[in-house]
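Asker: Dropping a structure here in C-alpha cells format, bear with me for questions.
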Amino acid sequence: KILVVLGDKLTPTRVVEMAIHGHNLPFEFPRETLAEAAAVPLDVQPNEAAKRVDLRALPLVTIDGEDAKDFDDAVYCEPDAKGFRLIVAIADVSHYVHPGTALDDEAVLRSTSVYFPGFVVPMLPETLSNGICSLKPKVDRLCFVCDMHVDYEGNVSKAKFYEAVMNSKARLTYTQVWHAVGEKDPEAIAYIGSLMPQIDRLHQLFEIP
C-alpha cells in the first residue's frame, strides 16, 4: 500500500522525509492547536509581568549553538563573599500551554521536538516555540527561575524557585564565548562588549573543580 510518494532521488531532504514518515512523527498541527497558538499574544502583557519577580535589569544572556532557532534558557552570575549567585532562567511555556487544551494534548503526543540537519519537527507551533516562548534578546519574556548560591567548592548551598519576567541582553553562541574567555580573542571580546564581566564570572564558576 503506497502511503506517500517522496520522489525519485535520495536527497538529504528526502532522507528527512523518510525518517518522519518511517517513524510516524506528527509533523502537521491540527487546526484547533494552531488556533490556540494564534490566540496567544505576541508580547508579554504588562499585567502578566506585574505579578512576577522583575529581573529585566539583570544582564541575563542566552548561550546556544550558531544554528539554534529557539532559546530556552538564560544565565546570570555574580560573585559574593562565599561564592557565586547563579540564576538560571528557562522560558515559562506552562504559562501559555495549559492542561486539557489542544496545545497541551499535542505537546504530550509529540513529547519533544525532533531535530534534523537544517530542519526541526517542533513540539509546539512555531508562533510559540520561536516566538513568545523563546528568550530572544531585547524583548520581555516570562520565565521560571532557579536562583541559587554556589560556594567556592562547587556546592549549591541554597536555592529557590520563582516565576519572573526577564529581558535577555544578548544572544551569544558557544563559539563566541569560547573565543572571548578561552582564547582572549580581541574581536570576540569587543563583540560581547559591556557584557564581558558577566561572561568572565560565568567562566570563573564553570572552572570550579
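Asker: Report whether or not ALA74 is small (Gly, Ala, Ser) and within 20 Å of CYS146 (Cα to Cα).
Answerer: yes
Asker: Write out, first by first residue and then by second, each pair whose Cβ atoms fall under 7 Å of each other, whose residues are 6+ apart or on separate chains, and whose first residue, in the stretch 186-209, is closer than 18 Å to LYS82 by Cα while the second is assigned to a helix (DSSP H, G or I).
Answerer: Sorted first by the residue in the stretch 186-209, then by its partner, the pairs are ASP200/VAL181; HIS203/VAL181.
Asker: Sticking with this structure for a sec: May I ask you to list the residues in the stretch 76-90 that are within 18 Å of CYS133 (Cβ to Cβ) and of a type in the set (Val, Ile, Thr)?
Answerer: Listed by number, the residues that qualify are VAL88, ILE90.
Asker: Take the conditions over 15 Å from LYS69 (Cβ atoms), at pLDDT 95 or above and acidic (Asp, Glu) and apply them to ASP147. Does it pass?
Answerer: yes
Asker: Can I ask one more? Could you check ARG201 against (1) outside any strand (DSSP E or B); (2) under 12 Å from THR62 (Cβ atoms) and say which number it fails?
Answerer: Failed condition: (2).
Asker: Testing THR112 on (1) of a type in the set (Ser, Thr, Tyr); (2) surrounded by fewer than 19 Cβ atoms within 10 Å (Cβ to Cβ); (3) part of a strand (DSSP E or B), one condition comes back false. Which one is that?
Answerer: Among (1) of a type in the set (Ser, Thr, Tyr); (2) surrounded by fewer than 19 Cβ atoms within 10 Å (Cβ to Cβ); (3) part of a strand (DSSP E or B), THR112 violates only (3).
Asker: If you don't mind, there's one more thing I want to ask. I'd like the full set of residues that are under 30 Å from ARG31 (Cβ atoms), open to solvent by less than 60 Å² (accessible area, probe 1.4 Å) and not in a strand (DSSP E or B), limited to the stretch 60-105.
Answerer: Selection gives ALA68, ASP70, PHE71, ASP92, VAL93, HIS95, TYR96, VAL97, THR101, ALA102, LEU103, ASP104.
Asker: Quick check on my filter: what residues within the stretch 32-50 are over 16 Å from ALA89 (Cβ atoms), open to solvent by 30 Å² or more (accessible area, probe 1.4 Å) and either part of a helix (DSSP H, G or I) or touching a residue at least 12 places away in the same chain (Cβ under 8 Å) (or both)?
Answerer: GLU32, LEU34, ALA35, GLU36, ALA38, PRO41, LEU42, ASP43, PRO46, ASN47 - these are the residues of the stretch 32-50 that are over 16 Å from ALA89 (Cβ atoms), open to solvent by 30 Å² or more (accessible area, probe 1.4 Å) and either part of a helix (DSSP H, G or I) or touching a residue at least 12 places away in the same chain (Cβ under 8 Å) (or both).
Asker: Let me ask something additional. Within the stretch 118-172, which residues are crowded, with 19+ Cβ neighbours inside 10 Å, part of a loop (DSSP other than H, G, I, E, B) and of a type in the set (A, V, I, L, M, F, W, C)?
Answerer: Within the stretch 118-172, MET123, LEU124, CYS133, LEU135, ALA170 qualify.
Asker: Kindly list, by first and then second residue, each pair from a residue in the stretch 53-77 that is farther than 24 Å from VAL120 by Cα and in contact (Cβ under 8 Å) with a residue 40 or more places away in the chain to a residue that is of a type in the set (Ser, Thr, Tyr) and surrounded by fewer than 16 Cβ atoms within 10 Å (Cβ to Cβ), limited to pairs with Cβ atoms under 8 Å and residues at least 6 apart or on different chains.
Answerer: Pairs that qualify, where the first residue is farther than 24 Å from VAL120 by Cα and in contact (Cβ under 8 Å) with a residue 40 or more places away in the chain and the partner is of a type in the set (Ser, Thr, Tyr) and surrounded by fewer than 16 Cβ atoms within 10 Å (Cβ to Cβ), are VAL53/TYR162.
Asker: All but one of (1) farther than 16 Å from THR127 by Cα; (2) under 19 Å from the mean Cα position of the chain (by Cα) hold for ASP105, so report the exception by its number.
Answerer: Answer for ASP105: the failing condition is (2).
The values are calculated or read from the model by the stated rules, or taken from the named source; none is laboratory data. Nothing here was measured: the structure is a model prediction, and the numbers come from that model. Heads up, the Cβs are rebuilt from the backbone with ideal geometry, glycines too, and the neighbour counts pull from every protein chain shown. To get the accessible areas, we keep the full protein, side chains included, count just its heavy atoms, and leave off ligands, DNA and RNA. Shrake-Rupley method; radii C 1.70, N 1.55, O 1.52, S 1.80 Å.
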